[in-house]
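The values are calculated or read from the model by the stated rules, or taken from the named source; none is laboratory data. Everything quoted here is computed from the prediction, not taken from an experiment. Here the Cβ positions follow ideal geometry from the backbone for every residue, glycine too, while neighbour counts run over all protein chains shown.
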Amino acid sequence: MSYEVRGTLHNTREEALSALVGAYVYPDIAPDRDEALEALDTPGDTADELIADWGGDLGPGETPATAIEIADHIRGYRYAILKAVGCPLFQYREDSGHTEDLEATDLASAIDEARELLRDGDWPTGGKTTYVSAAVIDPYGGAHGVEVAIHPEEPECTESEHDWQSPHDLLGGLEENPGVWGKGGGVVVTEVCRHCGAYRITDTWDQSQGPEPVETIQYREADDASTAWVRANQAPSVLRSLIEDKGHDRVLSALRDFEDDPDAWIDEDDMDIKVEGEWLRGERFADLVDRLDDDLRWPY
């Protein structure tokens, strides 16, 4: 069995119908996008016009195509028709009504392209992760939801980048899991930057954006507690630099004078200071290192 359309033989009725529609909707010489779009918008009218202009002849001895059969074929081959005339196959659509044609020729690529458009958008975060969504409209009118998380920008750091830490003495919680607190089916994790003292809070069970929990990130400025922790955290490296520059004996002599303790000691391995038999910690340690650093470097 063979089918003939415009002098060309086809093996199946489907191929013959495609050739019949193609000859009308996008002729070889000059594919017409407007004709194609109109055909897809009103397949019934297009089928009636095609029957009137071309007839439904599919070759000698074959049952002619009907307008209903042609209209159904147009609907079923929407993707192929759009592609043949170079029309956009997928569309990006936001809830606001904003739309853009996508360059992708398959659904997976269209979804990736839509995600990039969402990420490039100017979305207010309010200092916390915001989830934004859009839809990819396929050639058949089906909508495929796309969602991405827009995280707030990290605050500026005193160094080139943040170094997020979880010190138990500052953040609390369990010693083996500091800064972590249970919440619903998730946790809230707080970290602090060892350079600038800013906080990063990750909530894995945030329900502020709807009934379904999502993961969000937000930042909080340094406070007195984190600033003190940063100073104490940086003091050992300052002390080491001072000893390398001025010498251990000179720094130790100054320490003993400052504290009026002839037995004061500096542990060069751990960069700890002992005064009156007690190893110093925290802000007192940082203050003492600052005093040594300022005194021994002045007036140079």
Among the candidates PRO27, PRO31, which residue alone is closer than 30 Å to ASP112 by Cα, part of a loop (DSSP other than H, G, I, E, B), modelled with pLDDT under 80 and not assigned by TED's automatic domain parsing to the domain that holds GLY121?
PRO31
Condition set outside any loop (DSSP other than H, G, I, E, B) and either under 17 Å from the mean Cα position of the chain (by Cα) or in contact (Cβ under 8 Å) with a residue 40 or more places away in the chain (or both), scope the range 207-220, selection surrounded by the most Cβ atoms within 10 Å (Cβ to Cβ): answer is THR216
What number goes with the only condition from (1) free of Cβ contacts under 8 Å to residues at least 40 places away in the same chain; (2) exposed (fewer than 15 other Cβ atoms within 10 Å of the Cβ) that ILE111 does not pass?
(2)
All positions within the range 114-151 that are buried (at least 17 other Cβ atoms within 10 Å of the Cβ), at pLDDT 90 or above and part of a loop (DSSP other than H, G, I, E, B):
THR129
Does THR204 satisfy the condition of being of a type outside the set (A, V, I, L, M, F, W, C) and in contact with an Asp or Glu (Cβ under 8 Å, 6 or more places away or on another chain)?
yes
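Got at least one residue in the range 154-169 being assigned to a helix (DSSP H, G or I) and farther than 30 Å from LEU37 by Cβ?
Yes.
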Pick from the range 72-108 the residues that are under 30 Å from ARG13 (Cβ atoms) and basic (Lys, Arg): which of them is surrounded by the most Cβ atoms within 10 Å (Cβ to Cβ)?
ARG78
Looking at the range 55-65, can you tell me whether even one residue there is under 19 Å from GLY142 (Cα atoms), modelled with pLDDT under 90 and surrounded by fewer than 13 Cβ atoms within 10 Å (Cβ to Cβ)?
no
Identify, please: which residue in the range 44-91 is outside any loop (DSSP other than H, G, I, E, B) and of a type in the set (Phe, Trp, Tyr) and is, among those, nearest to HIS144 (Cα to Cα)?
PHE90
